[in-house]
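Nothing in this text is a laboratory measurement; each read-out follows from the coordinates by a stated rule. Just so we're clear, the structure is a prediction, and the values are computed from it rather than from any experiment. Reconstructed Cβ throughout: ideal geometry from the backbone, glycine too, with neighbour counts over all protein chains shown.
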Amino acid sequence: MVSLPARNTPTHKIQLPGPFGDANRSHWSDAGIWLFYNLAGSLAPVWFGLLILKTFHRHPGWADFSQHGEFALYSAAMLAPTFYVINRDLKIPGFAGRQILGLLTLLGTLAATCFFVAVTTAFMEPKPVLEIDQVFLQQGTTVLFVFSAFLAFLVTALDNARQTPDVNVLAERRRKKLDEQYDDLEGQQ
């Protein structure tokens with residue numbers, strides 16, 4: 001027989017609000033490892049570009065790697081599979097926050113597309129009358145990339161929690177529900 005902890009027993013686990021409460025340390029850890037590999041691989045052109053340029057005594061700045069909207073492309077590449085993860089298995093319930101996460105992913109992809117179309121248009125021949133605000137482009141696409149990476153990390157952790165739920169959390173929820181039903185029955189007598 002399995003004994004469950006008493007109702008008011010303090011726990012050392014931090015309970016996150018809403019859908020985040022379903023993800024345990026393993027889910028977040030796996031998502032962190034996934035994010036590390038994703039960032040290391042997707043940003044390889046930047047890492048190796050810095051290394052190669054340093055080898056030739058060149059000292060590139062951030063602008064050398066972000067002035068043509070490169071991070072808009074990196075963002076779109078991060079958001080496309082995130083959108084897929086959010087919207088697969090639509091018939092299976094349990095992906096908490098699906099609508100808002102899907103909307104944020106679409107808005108991020110739209111922003112990445114707008115940034116990149118603006119840059120591509122600015123460098124087409126004949127040159128358009130408008131000039132690109134390089135500072136805004138660099139900062140905007142960098143912030144968009146950080147947002148994209150965070151959103152992808154979050155979706156991965158939530159999907160991990162959905163795919164491999166913590167049975168202890170499920171058992172605790174079931175116990176609480178049974179306790180509430182029992183208390184309701186007791187109150188009716």
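Some notes on this structure:
- Top of Leu178, Leu51, Leu110 by mean-square fluctuation, Gaussian network on the chain, Cα under 10 Å: Leu178
- Prolate/oblate/rounded label for region 21-164 (Cα gyration tensor, a/c 1.5): oblate
- Among 135-147, 31-43, the order from most to least packed when residues are scored by Cβ within 10 Å on average: 135-147, 31-43
- In the chain, the longest principal axis of the Cα atoms and the axis of helix 167-188 are about 40 degrees apart.
- Degrees, to the nearest 10: 134-163 long Cα axis against longest axis of the chain: 30
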